[in-house]
Amino acid sequence: MIFCTKCFNDSEIEGVIRGLSKKGKCETCGYEDSFLYDTGINTTLTDYFDSLISIYTPIDLLPENYPKSDLKLLKEELINTWDIFNGLSGAQAYDLITNICKDKYKELPQLFDGLIGIEEYQDKNYLEANSILRTNRWEDFVSDLKTKNRFHTNHINTKILEIFCSYRRKSYKKGEIFYRGRISSETYGVNEMGAPPSDKAAAGRANSFGISCLYLASDMETTIHEIRAGAFDCISIGKFVLQNDIIVVDLKSIDKISPFWTDLDCKQYAINKEVLRKINKEMAKPLRRNDSPLEYIPTQYISEFIKSIEHNGIMEYSGIEYDSTVSQDGYNLAIFTPELFECVSVDTYKIEALNYRKKRI
């Protein structure tokens, strides 16, 4: 079977196929000029996929009480859970995986043809040691923080969360530029555009009340959307320049780690993938003016933990990066140490018109 880099969403697999340096028309997706992989000749990908699918167990080898709702087909897992393929159908995914893993298919065909599950989903000892939420649900974690134990919850395994943060380290070099906006009735100076001091710091998605945090956006358009400027509002937008090299945790992609990274525990990642997705979603979730500040508590807890990670007494991460839900192409930073950025200029604008989009609910 011949397929190409365009058949995949996964950068690790794409890199392997590019390394073979053979280009042509893909027989699977039809792309005219891409790097090709031929399962009749190449076997490089076999170990990658054998390792991933080995975390699954066929239904006939699972405990009788294994939840039926957790059973899936392998091709569904590869398409939906792992998002490995780029627009391939279920039939194409099945053909591809059975050709890559020929020997495994001969040895255990029910792994490819029947329902499968991850046995450790029902192993409380394994979950306690390897799951971010131990044996709890995300809703239990949120409820515990809001109503029972805000600072010392036992619902979360921070050691495991730290592991996944380390997979999403993102570096920024001195001189990088970001933006911050304020709705204003007058022009603000560069000294008035930074994070509010501690005595004026309101609670935000990454900081608790009284703790200063600098919120920045990747571009000017995202900044305008994030401050919820209305028609005819005047806004001041500050240009901020990074003063030192920093490392942040990229939470917007923390649930999109490639299962083919050599040092990744795929089974551990599989049982935590949904929680990581919820962290990503919660961090980006827009709040309305009348929402309770309690809605910020789960993301504040995650952010404060990331802020607390140190190695040799030095803060490991300077902030977090998260999606903007009000700007399709932009993203945001929450910087724990505001002094890392300097506002070098401010421009003032007037919003002349708004474009509204609606969705029936």
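Only the coordinates and a few stated rules stand behind these numbers; no lab work does. Keep in mind that this is a model prediction, so the values were computed, not measured. Because the Cβ atoms are built from the backbone with ideal geometry, glycine has one as well, and the counts that use them run over all protein chains shown.
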All alpha-carbon distances of segment 196-242, grouped into 5 Å bins from 0, give the whole-percent distribution 5, 18, 22, 20, 25, 9, 1
In the chain, taking the dipole from +1 charges on Lys and Arg beta carbons and -1 charges on Asp and Glu beta carbons about the Cα centre, the listed residue (L61, T262, I235) farthest towards the positive end is I235
Toy charge model, Lys and Arg Cβ at +1, Asp and Glu Cβ at -1: segment 13-91 dipole around Cα centroid in debye, rounded to 20, equals 220
Taking N as the residue count of segment 290-361, its alpha carbon Rg divided by 2.2 N^0.38 Å gives 1.55
Among beta bridges assigned by DSSP with both residues in the chain, the antiparallel ones amount in percent, to the nearest 5, to 95
Note: segment 233-318 at 20 °C, 1.002 mPa s; Kirkwood Rh on alpha carbon pairs; Stokes-Einstein D in µm²/s works out to 134
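Run through every distinct alpha carbon pair of segment 254-302 and return the Kirkwood hydrodynamic radius in angstroms, one decimal place. Don't jump to the answer; show the numbers that get you there.
Details: mean 1/r = 0.0797 Å⁻¹.
With all distinct Cα pairs of segment 254-302 included, I get 12.5 Å.
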Compactness summary of segment 228-278: radius of gyration and Dmax from Cα atoms, Å, are 18.9, 53
Rg (one decimal) and Dmax (whole number) from the Cα set of segment 2-118, in Å, equal 14.8, 49
Taking segment 2-118, the lysine pairs whose C-alpha atoms sit under 25 Å apart (8 or more places apart or on different chains) add up to 17
Here the averaged projected area of segment 165-350, based on the convex hull of its alpha-carbon atoms and given in nm², is 11.7
Among I41, V346, I132, the residue whose Cα sits farthest towards the positive end of the charge dipole of the chain (+1 at Cβ of Lys and Arg, -1 at Cβ of Asp and Glu, taken about the Cα centre) is V346
Distance in Å, no decimals, from the C-alpha centre of segment 93-123 to the one of segment 332-349 is 50
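In deg cm²/dmol and to the nearest 500, what is the mean residue ellipticity at 222 nm of the chain if only DSSP H runs of at least 4 residues count, each as -39500 (n - 2.57), divided by the residue total? Walk me through the numbers on the way to the answer.
On the way: 11 runs with 103 residues, N = 361.
Computed mean residue ellipticity for the chain: -8000 deg cm²/dmol.
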The answer for trypsin sites (Lys or Arg not before Pro) in segment 163-194 that fall in a DSSP coil and have at most 16 neighbouring Cβ atoms within 10 Å is K173, K174
Largest fluctuation, Y349, Y37, Y179 only, Gaussian network model of the chain with Cα springs under 10 angstrom, belongs to Y349
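For segment 165-350, give the magnitude of the charge dipole about the Cα centre (Cβ charges: +1 Lys/Arg, -1 Asp/Glu; no others), in debye to the nearest 20.
420
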The Rg/Rh figure for the chain, Cα atoms and Kirkwood Rh, to two decimals is 1.02
Checking C29, C165, C266 against a Gaussian network model of the chain (alpha-carbon springs below 10 Å), the top fluctuating residue turns out to be C29
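Find out how many positive minus negative residues lie around L115, taking Lys and Arg as positive, Asp and Glu as negative, among other residues whose Cβ is under 15 Å from that of L115.
Neighbour charge sum, excluding L115 itself: -4.
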If every Lys and Arg gets +1 and every Asp and Glu gets -1 at its Cβ, then about the Cα centre the chain yields a dipole, in debye to the nearest 20, of 940
In degrees rounded to 10, the 0-90 angle between helix 266-284 Cα long axis and the longest Cα principal axis of the chain is 30
hull vol. (C-alpha, convex hull) per residue for segment 3-69, Å³ -> 129
